[in-house]
1. Can you sort 9, 225, 178 from fewest to most other Cβ atoms within 10 Å of each residue's own Cβ?
2. Please compute the modelled spin-label separation between residue 60 and residue 103, points set 7 Å along Cα→Cβ, answer in nm with one decimal.
3. Once percent of Cα pairs over 29 Å apart is worked out from the coordinates, which option in (i) 55; (ii) 44; (iii) 59 does it equal?
4. Given the options 54, 199, 273, which has the most mean-square fluctuation in a GNM of the chain, springs set between C-alpha atoms less than 10 angstrom apart?
5. Using label points projected 7 Å from each Cα along Cα→Cβ, tell me how many nm separate residue 230 and residue 13, to one decimal.
6. Under 14 Å from the 7 Å Cα→Cβ point of residue 285, by amide nitrogen: which residues of segment 159-197?
7. More than 18 angstrom separation, counting every C-alpha pair in segment 162-268; what % is that?
8. Out of all DSSP beta bridges in the chain, what portion is antiparallel? Express it as a percent rounded to 5.
Amino acid sequence: MADVVSVRDLTKSYGDLRAVDGISFSVGKGEVFGIVGPNGAGKTTTWEILEGLRHADKGEVRVAGLDLRKDRRKLRELIGVQLQATALFERLTSRETLEVFGAMYARSLPADELLTLVNLEEKADEWTEKLSGGQKQRLAVALALVNDPEVVFLDEPTTGLDPQARRSLWDVIAKLRDTGKTTMLTTHYMEEAERLCHRVGVMDHGKILALDEPAQLIRNLGPRDAVEFHANGDSSAFGTLPGVEEINVEDGRVTLYTRKLETTLTAVFEYARTHALPVEDFRVRNASLEDVFLQMTGRRIRE
């Protein structure tokens, strides 16, 4: 698989702040590649450099076969960009908006084809000011695709959306994945990256801490199962129970990580019974990318 995006030793600072700290990665044709991390991790700065909107202090970047140090202008015809905030013409319809933006490129996709792709065909003749937040975000994705780009960049496309709108946009991104469109996604929703991306880089303080397929990151860095419950009183002893590899306690919420689920469950209930320690709101789940981030950084991604 040929690399469509290649990044080597990318660095960007703002004064004393190292926003991007020597990161390297590559993205193959047709891949959905994600960077996950909290606000301020360096995700948006990285994307803006790759989009040609910012200059790096150091490093080599190639996108769609172009060296960004030499071919920045040519890049604009070959990529699509959805920014965190997209300003729309309120008194244009969804179709008219796509037609206006499409006229800026040497070639563009039909507006109705794009509206169907993002599930907005019923809003084709509606002013954009009347669209919901989720519908506006889907239109923003359509605008990023108007020139049929080789690479499309999506920067936290579902931030601020309600769960239903978020999942509607996930469906759109899944369509891009299924059609083989090379897609670059940043997000701080771990479930989003886990569901949509072929590979994910975990980023914090300007560095990529790990990069792999989501399932492999979980296998490599996170235990298989998580046992969660609320416990009154001192809960530190739960971390010493059979099968428990790691414990995290936040505001009375205990999370035990284990590869021996049955052993751990038996031990938890026995300890709670013999010590008369109430255990409430009990649940068992598979470990996730959120747990990977917690294990690597010592905090949850949205703290």
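1. Details: 9 13, 225 20, 178 9.
Sorted ascending by nearby Cβ count, the order is 178, 9, 225.
2. Here the modelled spin labels are 4.2 nm apart.
3. Here the calculated entry is (ii).
4. 273
5. About 4.8 nm, to one decimal.
6. So the set is 189-195.
7. On the way: 3515 of 5671 pairs.
Pairs farther apart than 18 Å: 62 percent.
8. Numbers: 40 of 58 bridges.
Antiparallel bridges make up about 70 percent of those DSSP assigns within the chain.
Every read-out reported here was derived from the displayed coordinates using simple, explicitly stated rules and does not represent laboratory data. These figures come from a predicted structure and were not determined experimentally. Cβ coordinates were reconstructed from backbone atoms using ideal geometry, including for glycine residues, and neighbour counts include every protein chain displayed.
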